[in-house]
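Values in this text are rule-based calculations from the coordinates and carry no lab data. All figures in this text were calculated on a predicted structure; none of them were measured in a lab. Reconstructed Cβ throughout: ideal geometry from the backbone, glycine too, with neighbour counts over all protein chains shown.
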Amino acid sequence: MASPEQPSPKRIAAPAPLPPLLRLNDDLLAEIFLRLPALADVGRAATACSAFHRVITDRAFLRRLRSIHPLPILGLLLFSSIHPVEPPHSDAPFARALQRGADTSFTFVPSAGRWIPVDARDGRVLLERESMSGDFAVCDPLSRRYLFLPQIPGRPSAQRRGRLEPFLVPTSDEDAETSFKVVCVVECKPGQLVAFVFSSATEQWESLIVDAGVQPSFKFSWSSYACGCFYWKVTGTNNFLVLDPRSMEFSSIDIPSDHGQQDSVIVEAGEGSIGMITLYNSIISAASDLVYTVLEIDEEGNNMWQFKRRVRLPSQYIFSFADAMDRHLLLRGIPWNLHIGSSADELDIGYFSVEFESMQIEKMCNLKHLLYAKLYTGFPPSLCLPSI
């Protein structure tokens, strides 16, 4: 009798081998992505698969990426929104990506009135209520998250006279991803500055009274940030007021006397040193120049400002400083013919970016009105995580 046929065992197909890139560990992937020639290439890699996105959006990786690629300029903070950088500016593609992915008019922030953007840093925007009453909020236009800040005790920030513009403090490597600080400096008494500091960790304001050695009712320029400190030009003097947000201590630095009556801003000069860019407008020759100097120490240990270079600006404008952030300077250009009878409706106010290291000048946009404006910089949306 023939034995019954035994069913042959089923063969289980071997899993398909992983593509070579997916077999690499995260450290090797990070090194590969850091060597990509352009920031846009890194952004495209982040959208390729979840493994790549995990590596690229790691905070340690983004810190290294930022040291290689300057943050692109995504737009201007204007009266109630972020105005995108326009072509042919080299960062215009990043600005378009922001417009597609973010709420650049802050409509997600509840309000009984309009919010005015007053500062931006690390993906966050500091808003103040339109009435300038000292009511603040911090929001993230990409994740559409926000936080209302409590009122400063005594509401000294509502006093516009004697108040320096409030600002966000850059986060350090040790800070949590969603932690931040806001500083508002007020001259509560003649010659006495008080710094109010809000921390998202405690959700409270702390005050620090400092004798900054300023004369009562002096006026200050807008702030710039370099090498861990904020700098304000004291109008009509040869001094900058300096605030170290880590120790919350004020100090001052002197600049050459021939720079005192000009617009000047402090910038990072590399290797932990600071530089100064000074703007010269000549009405006689209808020309404008930027002069770049670096603070160095001579053989006797004295500070000295060393001239580095002079750059000629586009000839059809008279310029003024508007902001400085993340290796970029923001210039506002008013056409020279504004002074010879042209109608304001016929004129375009030009806004220009200047990259510190190369001194490359690019037009960002034209606006019909002379507006308060600040730079909004950041990684493209594919490289961003929620910051609040």
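Numbers at a glance
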quantity: Peptide ranges 59-67, 285-293 listed from the most packed, as the mean C-beta count within 10 angstrom indicates; calculated: 285-293, 59-67
quantity: Amide H contacts under 5 Å for residue 136, placed H, 5+ residues apart; calculated: 149
quantity: At R0 = 45 Å, FRET efficiency that the Cβ-Cβ distance of residue 100 and residue 296 yields, to 0.05; calculated: 0.50
quantity: Placed amide H near residue 377: partners under 5 Å, 5+ positions off or other chain; calculated: 74
quantity: Three-way shape call for region 265-388 based on the alpha-carbon gyration tensor, with the a/c threshold at 1.5; calculated: oblate
quantity: In sequence order, calculated HN-Hα J values of region 311-317 (Karplus, 6.51, -1.76, 1.60; Hz; x Gly/Pro); calculated: 10, 7, 9, x, 6, 8, 10
quantity: Inter-centroid distance (Cα atoms) of region 220-239 relative to region 272-335, Å; calculated: 14 Å
